[in-house]
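Comments concern the structure below.
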Amino acid sequence: ERNKSIELLVVSRGSKEKIACKCSQRVFSNVNDERLARLYSICDIFVYPSLYEGFGLCGLEAMACGAPVVLTDSGGVREYAIDGENCLMVSPKSAHLLAEAIIKIVNDKELSQKLRQEGIKTARQFTLDKMVTQYEEFFERTINKNE
């Protein structure tokens, strides 16, 4: 409500439901990975207000595409998200803090640029090969521990 120029892009795996807000919005459903990457790369801010995540890959994907990211502290995102360094992170279920984080990025171009750059650096640390190797090592340790 404070900034009427904001357009909300809502991406969903299935639902075409709009979010209750007074800003302009477009809803994208059933997007493929290529289109999702394009949406990440054009957004001024990626917001992921999840209550709980095992890892929270969407935030990392948005970082990889150069979007400044606002996340809720939903658990698994702590594997890569560092508040004030590569993202802004707020408590889940706190719409007020979420809005403040968004407005902070909108009003602070230097912060926005920092989050973009640090997010890209962070995402580069999570290559598919590295993640597969870490999973394999985890499973090997678990199997060896149980023998």
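The values are calculated or read from the model by the stated rules, or taken from the named source; none is laboratory data. What you see is a predicted model, and the numbers here were worked out from it, not measured in a lab. Here the Cβ is made from the backbone with ideal geometry for all residues, glycine too, and neighbour counts use every protein chain on show.
General remarks:
- Test for Ser29: is it modelled with pLDDT under 90 and closer than 27 Å to Ser91 by Cβ: no
- Identification of helices (runs of 4 or more DSSP H) wholly contained in segment 57-147 with 2 or more residues that are in contact (Cβ under 8 Å) with a residue 12 or more places away in the chain and touching a helix residue (DSSP H, G or I) at 6+ places or on another chain (Cβ under 9 Å) yields 57-64, 95-107, 109-124.
- Residue selected from segment 67-113 under the condition over 25 Å from Lys130 (Cβ atoms) and of a type in the set (S, T, N, Q), by the criterion surrounded by the most Cβ atoms within 10 Å (Cβ to Cβ): Thr72
- Single match in Arg116, Arg35 (criterion: out of contact with any Pro (no Cβ under 9 Å at 6 or more places or on another chain) and closer than 30 Å to Tyr135 by Cβ): Arg35
- When every residue of segment 15-37 is checked against the conditions, none turns out to be under 14 Å from the mean Cα position of the chain (by Cα) and surrounded by fewer than 14 Cβ atoms within 10 Å (Cβ to Cβ).
- Taking segment 40-72 as the range and being more than 11 Å from the chain's Cα centre (by Cα) and closer than 15 Å to Leu97 by Cα as the test, only Leu51 passes.
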